[in-house]
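Read the structure below first, then the notes.
The values are calculated or read from the model by the stated rules, or taken from the named source; none is laboratory data. These numbers come from a predicted model, not from an experiment. Here Cβ is always computed from backbone atoms with ideal geometry, including for glycine, and neighbour counts include all displayed protein chains. What goes into the accessible areas is simple: the full protein's heavy atoms, side chains included, and nothing from ligands, DNA or RNA. Shrake-Rupley method; radii C 1.70, N 1.55, O 1.52, S 1.80 Å.
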Amino acid sequence: MIEDINFNRLKVNGIKVNYFYICHRKLWLFDRKITMEDKSDKVLLGALLHMDSYERERQKEVLIDNLISIDILDGVNIKEVKYSDKMEKADKMQVLYYLYYLKNLGIEKQGIINYPKQKKREFIQLTEEAEKELEAVLIEINKILKQEKPPPVIDAAYCQKCAYFEFCYG
Amino acid sequence: MPRNYYINSNGRIRRKENTVYFETEKDGESLKTPLPINDIDTIFIFGEVDINTKAINYLSQYDIPMHFFNYYGYYSGSFLPRKKNVSGSLLVEQVKHHIDDSKRQMLAISFIEGAVHHILRNLRKSGISVENFQNIEKDLLPKIFETKTIEELMAIEGNIREHYYQLFNTVIKNKDFFIEKREKRPPTNPINALISFGNSIMYNTVLTEIYRTQLDPTISYLHSPQEKRFSLSLDIAEIFKPFIIDPLIFNLIKTGQITIDDFDKDLNYTYLNENGRKKFLKAYEERLSKTVKHRRLKRNVSYRQLIRLECYKLIKHLIGDEIYKPFKAWW
């Protein structure tokens, strides 16, 4: 258990950790519920993938503390399903955050990210180093969310494919 | 890109399994038209239509609004599915910008600024010589930026519109569609009927776009929220009426696509008949799906998407991100 940071006050949902690594602006907007109702094919595909993958697994979409939602939970592992491996770091940190969250509840697990489209799996283990990074990130996330104005547009190449593209650049 | 569906005939909308059908009878035979759910943006209903809750539930699952009009094409109301994308914090900002007079005035002026830009654009494009509308451009337009109250702003806007509608006659050059002054509820002649019908369709299109964002359609800036309507829709429609509807009307009349025969004679030609309405709506839909290369997005966007982008710009203004500048057609 961490002593010097107040986990209970800082905890956020997993998507926010993911967004922190993708775009601070997206994180801020998402927190204010300014979300993009995206009817794009990509979003639809992602949703279908979630529905159709790993049908045999018993515990799917487990919601913990009304805050973090774990795709699949089995004896030793938590599994996260992702459509593409383009945002590897963000996905990895999201799973690490789940592991860290569970550890704070006294549950030790390991993580797997499944990229069914790429036929690829990544195994994830919580390390001390990762915990340190997450603690720093939780503080950062909370700072960003407290800002009165949204962080600026980041002008990244992947903005083109973001659901917020028309919002940010239009 | 999903599109608007306009139902002009009488019949019934029903869901059968996962398809929505419009069923109608023609010469004793029943016709069944499937409406592909992923292709529907909004349904406009002008005919006498039965619809059951099964169909309504299905349509709302796909976030499809329905707008209803009476026999004369006069707006009755809308069915808006439960809004899933709500943002309390944005609503607070919307209200803050309403109750602060200077913040409200700034937005109200912007909407008129956008409207006047398109009014002048229409006149220029119609070949009206500059001296005929110099007073709007040189005299009245600058004045709107000095206004301190909504009433002052509305008064100047009224003056601009009066001049503008006078010039309609020079643009249209058709005695059947002579306009003396703008009269609504009910319109008193064919040209007023066209303007009223077009504006009301525009208002509903804007409402659909607002509905798709987190904006609350009842909190407005130029119009008073006390109006018995979704007044933010009226605000944003100001910019798009002269951009979308007026050129459409000019074109339909000048090319002879719409004539006096397209109006209901029994009612002194003050309402479009079904045939006229169909022609109008077809042209409207074509114009909404027209595209232009967006300078900032560097993508093609349809005229309809420009309305959505306008909503986004307003949100960005409200959350302190980027100051709102009204859309002004740049081509």
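Quick notes on this structure:
- Just one of (1) open to solvent by less than 50 Å² (accessible area, probe 1.4 Å); (2) more than 30 Å from residue B:12 (Cα to Cα); (3) within 14 Å of chain A (Cβ to nearest Cβ); (4) not in a helix (DSSP H, G or I) fails for residue B:90. It is (4).
- Test result for residue A:116, open to solvent by less than 70 Å² (accessible area, probe 1.4 Å) and within 14 Å of chain B (Cβ to nearest Cβ): no
- Scanning the stretch B:285-311 for residues that are free of Cβ contacts under 8 Å to residues at least 60 places away in the same chain, within 12 Å of chain A (Cβ to nearest Cβ), under 22 Å from residue B:199 (Cα atoms) and open to solvent by 10 Å² or more (accessible area, probe 1.4 Å) yields a single hit, B:305.
- One residue alone among B:154, B:202 is in contact with a helix residue (DSSP H, G or I) (Cβ under 9 Å, 6 or more places away or on another chain) and more than 17 Å from residue B:106 (Cα to Cα), and that residue is B:202.
- Test: residue in the stretch A:115-129 that is touching a residue at least 40 places away in the same chain (Cβ under 8 Å) and under 20 Å from residue A:19 (Cα atoms): no
- When residue B:102 is tested against (1) among the hydroxyl-bearing types (Ser, Thr, Tyr); (2) modelled with pLDDT under 90; (3) in the same structural domain as residue B:205 (by TED's automatic domain parsing), only condition (2) is not met.
- Residues of the stretch B:49-78 that turn out to be in a strand (DSSP E or B), open to solvent by 20 Å² or more (accessible area, probe 1.4 Å) and closer than 15 Å to residue B:185 by Cα, as a count: 2
- Residue in the stretch B:273-295 that is within 30 Å of residue B:89 (Cα to Cα), in a helix (DSSP H, G or I) and assigned by TED's automatic domain parsing to the domain that holds residue B:207 present: no
- Cβ pairs under 7 Å, 6+ apart, first in the stretch A:6-27 and of a type in the set (Ser, Thr, Tyr), second part of a helix (DSSP H, G or I): A:19/A:26; A:19/A:27; A:19/A:30; A:21/A:89; A:21/A:90; A:21/A:93
- So residue B:314, is it of a type in the set (A, V, I, L, M) and in contact (Cβ under 8 Å) with a residue 60 or more places away in the chain: yes
- For the residues B:136, B:109, B:51, B:128, the requirement of being at pLDDT below 90 and hydrophobic (A, V, I, L, M, F, W, C) singles out B:128.
- For the stretch A:121-170, taking the residues that are of a type in the set (Lys, Arg) and within 14 Å of chain B (Cβ to nearest Cβ), the one that is most open to solvent (accessible area, probe 1.4 Å) is identified as A:146.
- Residue count for the stretch B:303-325, restricted to those that are within 16 Å of the chain's Cα centre (by Cα) and either of a type in the set (Lys, Arg) or in a loop (DSSP other than H, G, I, E, B) (or both): 2
- Near pairs, Cβ below 7 angstrom, 6+ apart or cross-chain, from the stretch B:7-24 (open to solvent by 70 Å² or more (accessible area, probe 1.4 Å)) to any residue that is part of a loop (DSSP other than H, G, I, E, B): B:10/B:47; B:10/B:48; B:14/B:52
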